[in-house]
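See structure below.
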Amino acid sequence: MREGRWEVVGGMWVETDLNLPSGESLLRQLVQGQRSFTEWFGLTCNGAFLPDDFGYPGSLPQIVSHAGCQWFFTQKLSWNETNKFPHHTFWWEGIDGTKVFTHFSPVDTYNALLTPSQLRFAEHNYQDHVGSSHSLVLYGHGDGGGGPTQTMIDRGRLAADLNGVPRVTFGTVSGFFADSQEEYGTTAPTWVGEMYFEKHRGTYSTQVGTKQGNRSSERLLHELELWSALAGVRPTGIDELWQRVLTQQFHDIIPGSSIAWVHDDAEAEHAAIAGEIESLLVRIIPVATGETHIANPAPVPLCGVVDVDAVPMWVEALPFGAAIPSTTLPVEVPAVSVVNHDDTITLTNDTLTVVVHPDGTIGTISNGARNLLPDGQRAQFVLKQDTPAEYDAWDIDMTDANAPAIPLRAIAPPVVVESSPLRVIVECALETEASRFTVRYTLRAGASQLDVSIDADWHEQEQRLQWVLPTDMRSLTAACGTQFGHVMRARHSNTSWDIARFEVCAHRYVAISEPTFGAALMADGPRGYDIRGDALRLTVLRSPRFPDPQADLGQQHLEWAVLLTSGDPLANNIEHTAALMAHPVRIFDGAPRLSPTHISLDVPGAMISAIKPADDGSDDVIVRVWETRGGRTHGSLQIAGNSATLCDALETPSEHQLLPNGDDSFAITLQPFQIATLRITPK
């Protein structure tokens, strides 16, 4: 390393998947990676080096910049099936406006052999000859190991000055980016927003157990950091816990594209992590004898019905606070009721009305003024063929996405399995020749959403289970949640770029709206969706045969919800609902001794992403906030502290401090989709 024969690149703990980890996880990939490089080699990386990822979210430029990365490299979009990406060297601008200098290798591989034909192809393929005179070639036997051979090195040396072949020089990645930006940075084109990968769309949904284990680990780490920070402690081993979770986010583990042994190992690791975190939380949060309490780890107030040991109870809890639940509804909250009429079951809570038909489909989801579903159409489960031509676990092909669907129908009329003023649950059973499903539709008092769950005994082969939600709305775009923001995607097929997005990844929600009516499919983490046309389709389960012939077969449990709003969901607290789904309550058999420290964010459209002890072991507390709606905003952060200093993801303070806004309050201004990490020095 000191001799300059090896170069440290990457910036992250592993070459992570970019679609599926949460925004916090992507930041921690960089934090743990950069800190480790500093510890091992005495340096940090100045760029993000991710040659083999399956898509690039629109928030990534800001995320990598927040951890000190100034450039970005990949080559995977050369695999696009429909559209050729128009640039190889360019500025990539994220949804918040952050730009990083970006290069795609025009040799279209990270396993180049440095043959003359490959080098000539790279020169011919390069899209940016007008202002840039050189490109980067990754050579060697990669993607499994082996590295460069002497023959490859000799070829490169010969190509330093060989007639008919582009000139080759050996150097560093960082050196290439420095030279390229100096030459082309002022005139290079700009690509704005996400870089959608037109392949490997099945990775949003394959290997449900691995994905659910990751989401559980992310949720528990959020809680561990939150309750630890409020208690004024930093648990030993928290970095190691993060590193173990981040390892399982490798770009062929969490996508579900590995052999069975890998996923068995990942799921066992997630279970072990969960047990260790729960043990730590027992020590961090002492519990005194008393009534059952509910703790709210979400950054938003909780006011609604929660499940306490299978009993519905009403609870009102502040963000990061605790409360005693009640089996009695407040007098101002209408009860849920259920009526059986003409073989249909009607649920209502004065906010929503839902009608379940005898065949298990839903014919009405209404807010009283308007039914979301078109006349004669039903929300229902369907099966589709799923026979990718090339990569089973990785891909969903356009032919299969457009193939006719087989609707599933209940084998017996649905039944009401629970009915109380707080909650009504309707259950129905579906089946195929190979699989059995128990579906539950739940309506809670005071809720604007219908909760859906499925318990599947899944034994299909090369089939895909979808839940289809027809919508009687004119909405040409859908807001699709992503890490620290959302992107707008077309629901039509005007261009080849639109056509290629027949299955997309979204975090938290996909939402559509008219001026006075909106709807969203909600989930607690990333899922695969088909948002085309006048329906929203959720991929529930897949059954690929390679590389794991048993992928997802057996018992599976999944949950999601349908939310109705009065207008655009983005302006009607959809992120509030998403936060409560992402961070479910913690139940205590007694009174938890939580810190009386009060932390709240009074900034319209902004939300707290993390509260954690500072990594340097000081008494400082880190609070990370982000703007959720895509607009400028300002307000105040209430927290006990002498000072609040803006810092980067590595928690290195800047020179900018927030202005005090009264006792224990600091003024804060955020730009659209801005991530702000604040270091709070206690009194």
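Please go through segment 59-111 and pick out each residue that is out of contact with any Pro (no Cβ under 9 Å at 6 or more places or on another chain) and among the acidic types (Asp, Glu). Glu81, Asp108 - these are the residues of segment 59-111 that are out of contact with any Pro (no Cβ under 9 Å at 6 or more places or on another chain) and among the acidic types (Asp, Glu).
Here is a yes/no grid of residues against (1) of a type in the set (S, T, N, Q); (2) closer than 22 Å to Asp392 by Cβ; (3) not in a strand (DSSP E or B):
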site: Met522; (1), (2), (3): no, no, no
site: Tyr529; (1), (2), (3): no, yes, no
site: Pro547; (1), (2), (3): no, yes, yes
site: Gln550; (1), (2), (3): yes, yes, yes
site: Ala561; (1), (2), (3): no, no, no
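Considering (1) more than 16 Å from Pro470 (Cα to Cα); (2) buried (at least 16 other Cβ atoms within 10 Å of the Cβ), the lone condition that Asp350 does not fulfil carries the number (2).
Filtering segment 47-77 to residues that are part of a loop (DSSP other than H, G, I, E, B) and over 20 Å from Asp108 (Cβ atoms) leaves Pro57, Gly58, Ser59, His66, Ala67, Gly68, Cys69, Gln70.
Give the number of residues within segment 652-683 that are touching a residue at least 40 places away in the same chain (Cβ under 8 Å), assigned to a loop (DSSP other than H, G, I, E, B) and within 30 Å of Gly193 (Cβ to Cβ). Matching residues across segment 652-683 total 4.
When you go through Val424, Val382 one by one, which is the residue that is surrounded by 16 or more Cβ atoms within 10 Å (Cβ to Cβ), in contact with a Ser or Thr (Cβ under 8 Å, 6 or more places away or on another chain) and either among the charged types (D, E, K, R) or assigned by TED's automatic domain parsing to the domain that holds Pro569 (or both)? Quick ask: steps written out before the conclusion?
Working: Val382 fails: in contact with a Ser or Thr (Cβ under 8 Å, 6 or more places away or on another chain).
Testing whether each residue is surrounded by 16 or more Cβ atoms within 10 Å (Cβ to Cβ), in contact with a Ser or Thr (Cβ under 8 Å, 6 or more places away or on another chain) and either among the charged types (D, E, K, R) or assigned by TED's automatic domain parsing to the domain that holds Pro569 (or both) leaves just Val424.
Within segment 109-131, the set of residues being assigned to a loop (DSSP other than H, G, I, E, B), within 35 Å of the chain's Cα centre (by Cα) and at pLDDT 95 or above comprises Tyr126, Gln127, Asp128. Within segment 393-417, the set of residues being touching a residue at least 24 places away in the same chain (Cβ under 8 Å) and either out of contact with any Gly (no Cβ under 8 Å at 6 or more places or on another chain) or more than 17 Å from Arg542 (Cα to Cα) (or both) comprises Met398, Asp400, Ala401, Asn402, Ala405, Ile406, Pro407, Arg409, Ala410, Pro413, Pro414, Val416. Summed over segment 132-159, residues that are modelled with pLDDT under 95 and of a type in the set (A, V, I, L, M) total 1. Do we find a residue being modelled with pLDDT of 95 or more, touching a strand residue (DSSP E or B) at 6+ places or on another chain (Cβ under 6 Å), surrounded by 13 or more Cβ atoms within 10 Å (Cβ to Cβ) and farther than 30 Å from Glu267 by Cα anywhere in segment 199-213? Scanning segment 199-213, I find no residue that is modelled with pLDDT of 95 or more, touching a strand residue (DSSP E or B) at 6+ places or on another chain (Cβ under 6 Å), surrounded by 13 or more Cβ atoms within 10 Å (Cβ to Cβ) and farther than 30 Å from Glu267 by Cα, so the answer is no.
Within segment 518-535, the set of residues being hydrophobic (A, V, I, L, M, F, W, C) and either surrounded by fewer than 20 Cβ atoms within 10 Å (Cβ to Cβ) or touching a Gly at 6+ places or on another chain (Cβ under 6 Å) (or both) comprises Ala535 only.
For Val331, the criteria (1) surrounded by 17 or more Cβ atoms within 10 Å (Cβ to Cβ); (2) closer than 20 Å to Gly446 by Cβ hold in every case but one, which is (1). Checking Thr44, Thr102 one by one, the residue that is part of a loop (DSSP other than H, G, I, E, B), polar (S, T, N, Q) and either modelled with pLDDT of 95 or more or more than 30 Å from Val165 (Cα to Cα) (or both) is Thr44 and no other. The set of residues in segment 636-683 being buried (at least 17 other Cβ atoms within 10 Å of the Cβ) and small (Gly, Ala, Ser) consists of Ser636, Gly641, Ala644, Ala649, Ser665, Ala676.
Select, from Ser65, Ser36, the only residue that is among the polar types (S, T, N, Q), closer than 27 Å to Met488 by Cβ and either in contact (Cβ under 8 Å) with a residue 12 or more places away in the chain or touching a helix residue (DSSP H, G or I) at 6+ places or on another chain (Cβ under 6 Å) (or both).
Details: Ser36 fails: closer than 27 Å to Met488 by Cβ.
Answer to the selection: Ser65.
Counting the residues of segment 491-546 that are under 15 Å from Asn402 (Cβ atoms) and free of Cβ contacts under 8 Å to residues at least 24 places away in the same chain gives 1. Taking the criterion of being outside any loop (DSSP other than H, G, I, E, B), among the basic types (Lys, Arg) and closer than 30 Å to Leu553 by Cα, would at least one residue in segment 275-285 satisfy it? No - not one qualifying residue is present in segment 275-285.
If you scan segment 144-167, which residues turn out to be surrounded by 12 or more Cβ atoms within 10 Å (Cβ to Cβ) and either polar (S, T, N, Q) or under 36 Å from the mean Cα position of the chain (by Cα) (or both)? Step through it out loud before you land on a result.
Within segment 144-167, the subset surrounded by 12 or more Cβ atoms within 10 Å (Cβ to Cβ) is 148-149, 152-153, 155-159, 162, 165-167.
Of everything in segment 144-167, those that are surrounded by 12 or more Cβ atoms within 10 Å (Cβ to Cβ) and either polar (S, T, N, Q) or under 36 Å from the mean Cα position of the chain (by Cα) (or both) turn out to be Pro148, Thr149.
Among all positions in segment 565-574, there is no residue which is of a type in the set (Gly, Ala, Ser), farther than 30 Å from Val452 by Cα, surrounded by fewer than 17 Cβ atoms within 10 Å (Cβ to Cβ) and out of contact with any Gly (no Cβ under 6 Å at 6 or more places or on another chain).
Note on segment 596-635: among residues that are surrounded by fewer than 16 Cβ atoms within 10 Å (Cβ to Cβ) and over 22 Å from His66 (Cα atoms), the one that is modelled with the lowest pLDDT is Pro596. Of the listed requirements (1) assigned to a helix (DSSP H, G or I); (2) over 15 Å from the mean Cα position of the chain (by Cα); (3) crowded, with 20+ Cβ neighbours inside 10 Å, Gln181 misses just one: (3).
Would you call Phe37 over 24 Å from Val623 (Cβ atoms) and in contact with a Ser or Thr (Cβ under 6 Å, 6 or more places away or on another chain)? Answer is yes for this residue. Residue-level check: of (1) crowded, with 19+ Cβ neighbours inside 10 Å; (2) under 20 Å from the mean Cα position of the chain (by Cα); (3) not small (Gly, Ala, Ser), Gln75 misses just (2).
Kindly provide the set of residues from segment 127-171 that are among the hydrophobic types (A, V, I, L, M, F, W, C) and in contact with a Lys or Arg (Cβ under 9 Å, 6 or more places away or on another chain), ordered by number. Within segment 127-171, Ala159, Ala160, Val165, Val168, Phe170 meet the criteria.
Cβ-Cβ under 7 Å, sequence separation 6+ or interchain: first residue in segment 314-330 and in contact (Cβ under 8 Å) with a residue 40 or more places away in the chain and closer than 17 Å to Gly290 by Cα, partner assigned to a strand (DSSP E or B) and among the hydrophobic types (A, V, I, L, M, F, W, C). Which pairs? If the second residue must be assigned to a strand (DSSP E or B) and among the hydrophobic types (A, V, I, L, M, F, W, C), the pairs left are Val315/Ile294; Val315/Leu302; Val315/Val306; Val315/Ala323; Ala322/Ile294; Ala322/Ala295; Thr327/Met313.
The values are calculated or read from the model by the stated rules, or taken from the named source; none is laboratory data. Given the structure is predicted, the values throughout are model-derived calculations rather than measurements. FYI the Cβ positions are ideal-geometry reconstructions off the backbone, even for glycines, and counts take in every protein chain you see.
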